[in-house]
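To start, the structure itself, in structure tokens.
The values are calculated or read from the model by the stated rules, or taken from the named source; none is laboratory data. Here the structure is a predicted model, which means the values were calculated and not measured. Cβ coordinates were reconstructed from backbone atoms using ideal geometry, including for glycine residues, and neighbour counts include every protein chain displayed. Heavy atoms of the whole protein, side chains included, go into the accessibility calculation; ligands, DNA and RNA do not. Shrake-Rupley method; radii C 1.70, N 1.55, O 1.52, S 1.80 Å.
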Amino acid sequence: MASTPGGNRRARVHVVSDVHGNARDLARAGDGADALICLGDLVLFLDYADHSRGIFPDLFGTENADRIVELRTARRFDEARDFQRQLWAGIGMDRATAIRTAVRKQYAELFSAFPTPTYATYGNVDVPPLWPEYAGPGTTVLDGQRVEIGGWTFGFVGGGLRTPMRTPYEIGDEEYAAKIEAVGEVDVLCTHIPPEVPELVYDTVARRFERGSRALLDAIRRTRPRYSLFGHVHQPLVRRMRIGSTECVNVGHFASTGRPWALEW
């Protein structure tokens, strides 16, 4: 990967989101770019396309993974939580310790695959307190912060909003809005979740609306960044649309495509 550009040379960054354990393609994601941007969800708890992959089936088997996906897809979240409690009780393992051990194993592999430089923020299934242990000197972690790349200002806001799924890094609407406000006016606004627009938050395979951010939508309309980049929704109804003068782009489900989205200026 080339160094971050300066002067009049054209700049190019590659952007990924929803990596979900795909370390093999992540290692090549920065090829030909001046920097890699990662919008989170490194961890793979459960692959909804292949129920044999992830922390959950590793612990409880594919049949139980099939069942939990069935319950969640039907939005029977209370039943899903009861089912999980029964599974944990049945194996006699401390839940927090088992999950952290599995997450650490994935993070060790994924962070070592990041090229230099990488700018990353958290997804809703990530565990932020663990990131400092694995982020090397070539990886800059940003949340509610800004950085300049090739003469443009990039703002980063990580995590997701609270849902019945209760994934690890969900925060309240006010806290999320405060991070959006802290970023301020930027050329490129990088978030894990999309703005709250029906076409951008609806997942056509899961057949449900994911949570987008109203504060993010308001900020796009108010500050008019050149781009709003995000992931989170794996199979959106619309991957790209304009809000005023801002190009809003779902950069894709990297776990399944293995291809970064490229931005040049």
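Quick test of your reading of the structure: L237 fulfils all but one of (1) over 26 Å from V147 (Cα atoms); (2) touching a helix residue (DSSP H, G or I) at 6+ places or on another chain (Cβ under 8 Å); (3) buried (at least 19 other Cβ atoms within 10 Å of the Cβ). Name the failing condition by number.
For L237, the exception is condition (3).
So, of the residues in the stretch 208-228 that are touching a residue at least 12 places away in the same chain (Cβ under 8 Å) and under 30 Å from L71 (Cα atoms), which turns out to be surrounded by the fewest Cβ atoms within 10 Å (Cβ to Cβ)?
R208
Could you please let me know if T139 is without any contact (Cβ under 8 Å) to a residue 40 or more places away in the chain and open to solvent by less than 30 Å² (accessible area, probe 1.4 Å)? Give the derivation first.
Numbers: without any contact (Cβ under 8 Å) to a residue 40 or more places away in the chain: yes; open to solvent by less than 30 Å² (accessible area, probe 1.4 Å): yes.
Judged against the criteria, T139 is a match.
Considering only residues of the stretch 142-151 that are of a type in the set (D, E, K, R) and assigned to a strand (DSSP E or B), which is surrounded by the most Cβ atoms within 10 Å (Cβ to Cβ)?
The first filter runs over the stretch 142-151 and keeps only residues of a type in the set (D, E, K, R), leaving 143, 146, 148.
Next, only the ones that are assigned to a strand (DSSP E or B) stay: 146, 148.
Values: R146: 18, E148: 11.
My answer is R146.
Looking at the stretch 77-95, can you tell me whether even one residue there is under 22 Å from the mean Cα position of the chain (by Cα) and either in a loop (DSSP other than H, G, I, E, B) or crowded, with 18+ Cβ neighbours inside 10 Å (or both)?
No, the stretch 77-95 contains no residue that is under 22 Å from the mean Cα position of the chain (by Cα) and either in a loop (DSSP other than H, G, I, E, B) or crowded, with 18+ Cβ neighbours inside 10 Å (or both).
Which one of these is under 24 Å from V19 (Cα atoms), at pLDDT below 85 and in contact with a helix residue (DSSP H, G or I) (Cβ under 9 Å, 6 or more places away or on another chain): A98, A65, A49?
Values: A98 fails: at pLDDT below 85; A65 fails: at pLDDT below 85.
Checking each option against the conditions leaves just A49.
Tally the residues that are more than 21 Å from V147 (Cβ to Cβ) and small (G, A, S), restricting the search to the stretch 191-214.
Number satisfying all stated conditions: 2.
Among the numbered criteria (1) on the phi > 0 side of the Ramachandran plot; (2) modelled with pLDDT of 95 or more, which one does P195 miss?
It is condition (1) that P195 fails.
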